[in-house]
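Beneath this line is the structure, given in structure tokens, with notes to follow.
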Amino acid sequence: MSDIILYGAFDRHNYGDLLFPLIMERVIKHQFPGKSVVVAGLINSDLSEYGAPRTIAINKALKSSKPDATVILAGGDVVACDWQSAYGYLLPKVIFPLYERIACYYFSKVTDQLVSRMVGLTSTLPFNLNRNDLGATRKIIYNSVGATGVSSVTNENEMLSLSKVMNEASFVSVRDVFSQTQLTRIGYSSPQLAPDSATVMSSYISVDELEKKSSWATKNIIEKYIEGYIVFQISQAHVHGKEAAFAMALSNVSRNCKLPIVFIAIGNATGHSDAVGVHKVSAMLADDVTYDSYLDGNIFDLMNIIRNAACYCGTSLHGLITAMSFGVPRVALLPNLRKKINYMKTWDLPHMPKGIKPEELTSAIEVAMATPNKDLKALGNKLTDAYMASFKCLSEKF
């Protein structure tokens, strides 16, 4: 029977979501080797081919854990995430548009009820478990999570319901000031602020392990462009209508910096796909630009490619966090992606470019790459120390 249940959206193929249980399981086992840990998602999943831990369904994890076990929401934008979103990302890509446009739009309440019953929970929200699902004596901890969705909770009854659930938690830390403000607004009085748990990846995953677990294709890219390269990532949804503009900007960047472009797909789950967006941009690059792509989505390959980059440019929060952890210059794309901007405003070096449009990309990369290496490394160390201090407080609640 397990002492700790790590719970979150770990059953979908998305880089950041797969990082949380991988990192947190290592941190816990290093600090508390005697504790037994199980990783849970909404459903049973096996994404081990991408370097991720297997998950068991949360209802099974709760039934098989100790009565006084601790449930840890290990990361992600989980506070106020609704059933429709959480389950939709697990559906086949051909079904998702119908699910979103018909079931969620016309039958939202019925869809919520049906999905929660299928998962085997009674909680109003999938990652904000009520006492009926948790049991009388289990503790729940929110570990450096996002609470962006709380800004959409304005109905008084929904605010009271969410506030009640959050106030029953033993410990809550959030990853940015915006999330902290939103939880305070609905009546949770003591949200702590801590960097995302994935920020400690460079301390818990060695370069030697990265090399051993990276594919031949990844090692070939890194070796081929040993003098450096620019990493670019963007999802299909975010690139729509901007493909030509980004292709032109990247062509200029490649010429100015005399560096090739390496495209990566960080999001591969339904609703999070990067591969289509990457293909559209790369197809429009100028003929004289050298580029490569890595689209398979293995955690260790992605981490290694970003670690060796001269600069990372993307819309993925955990692409940015990987760059921060390994001391790589970074540029956060597009001004409407508040989750990334909120995080960087809270934790990153003040001058690091964020909310960047295609026409601003060349100058933004120049600013990022001009950052002294010692400043990049110092920030990574500072954030690791800050997270581990938060983990020490969190672990006192086990």
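The values are calculated or read from the model by the stated rules, or taken from the named source; none is laboratory data. Keep in mind that this is a model prediction, so the values were computed, not measured. When we count neighbours, we look across all protein chains shown, and the Cβ atoms used for this are built from the backbone with ideal geometry, even at glycine. Protein only, heavy atoms only, side chains kept; ligands, DNA and RNA dropped before computing areas. Shrake-Rupley method; radii C 1.70, N 1.55, O 1.52, S 1.80 Å.
The separation of region 336-398 from region 19-92, counted between C-alpha centres, amounts to 26 Å.
Dimensions of region 47-142 from C-alpha coordinates, computed as largest minus smallest value along each principal axis and given longest first, are 41, 34, 22 Å. Remark: relative contact order (region 45-116) = 22 percent; criterion is Cα-Cα distance under 8 angstrom and separation of 6 or more residues. Going by accessible surface with a 1.4 Å probe and the largest first, Lys93, Lys280 read Lys93, Lys280.
Along its first, second and third principal axes, ordered by size, the chain spans 63, 48, 39 Å in Cα coordinates. The calculated 222 nm mean residue ellipticity attributable to helices in the chain amounts to -12500 deg cm²/dmol, summing -39500 (n - 2.57) over DSSP H runs of n ≥ 4 and dividing by all residues. Shape class of region 233-272 from the alpha-carbon gyration tensor: oblate, with a/c at 1.5 or above and b/c at least as large as a/b. When the P(r) of region 92-170 is calculated, the portion above 19 Å amounts to 51% of the C-alpha pairs.
Take region 190-253 with all the other protein chains still there, run a 1.4 Å probe, and you get 44 Å² of accessible area per residue. Checking the Cα-Cα distances for Lys242/Lys340; Lys60/Lys340; Lys139/Lys164; Lys219/Lys339; Lys35/Lys219; Lys29/Lys63 against a 25 Å cut-off, the pairs over it are Lys60/Lys340; Lys219/Lys339; Lys35/Lys219.
The mean sequence separation of alpha-carbon pairs under 8 Å and at least six residues apart, normalised by the residue count of region 55-209, gives a relative contact order of 27 percent. Quantify, in whole percent, the carbon and sulfur part of the accessible surface of region 315-398 (1.4 Å probe; protein heavy atoms only). Using a 1.4 Å probe with all protein chains present, region 315-398 comes out at 53 percent carbon and sulfur.
The order of the peptides 136-145, 281-290, 387-396 by mean Cβ neighbours within 10 Å, most packed first, is 136-145, 387-396, 281-290.
Only beta bridges with both residues in the chain are counted; by DSSP, about 10 percent of them are antiparallel.
Take region 1-121 with all the other protein chains still there, run a 1.4 Å probe, and you get 45 Å² of accessible area per residue. Mean projection of the Cα convex hull over all viewing directions, computed for region 6-67: 4.1 nm².
Across q = 0.14, 0.16, 0.17, 0.22 Å⁻¹, region 159-276 modelled as identical point scatterers on its alpha-carbon atoms has Debye log10 I(q)/I(0) values of -0.92, -1.01, -1.04, -1.19, in the order of the q list. Listed peptides 128-135, 84-91 appear in the order 84-91, 128-135 once ranked by packing, highest mean of other Cβ atoms within 10 Å at the front. In the complete set of protein chains, residue-level accessible area for Arg26 is approximately 60 Å², probe 1.4 angstrom. Long hydrophobic helices in the chain: the complete DSSP H runs spanning 15 Å or more by Cα along their own axis with mean Kyte-Doolittle hydropathy of at least -1.0 are 15-31, 108-119, 156-167, 243-257, 373-395. Given contacts defined as C-alpha pairs under 8 Å and at least six residues apart, what's the relative contact order of the chain, whole-number percent? Computed over the chain, the figure is 16 percent. Counting protein heavy atoms only, region 1-77 has 50 percent of its accessible area on carbon and sulfur, 1.4 angstrom probe.
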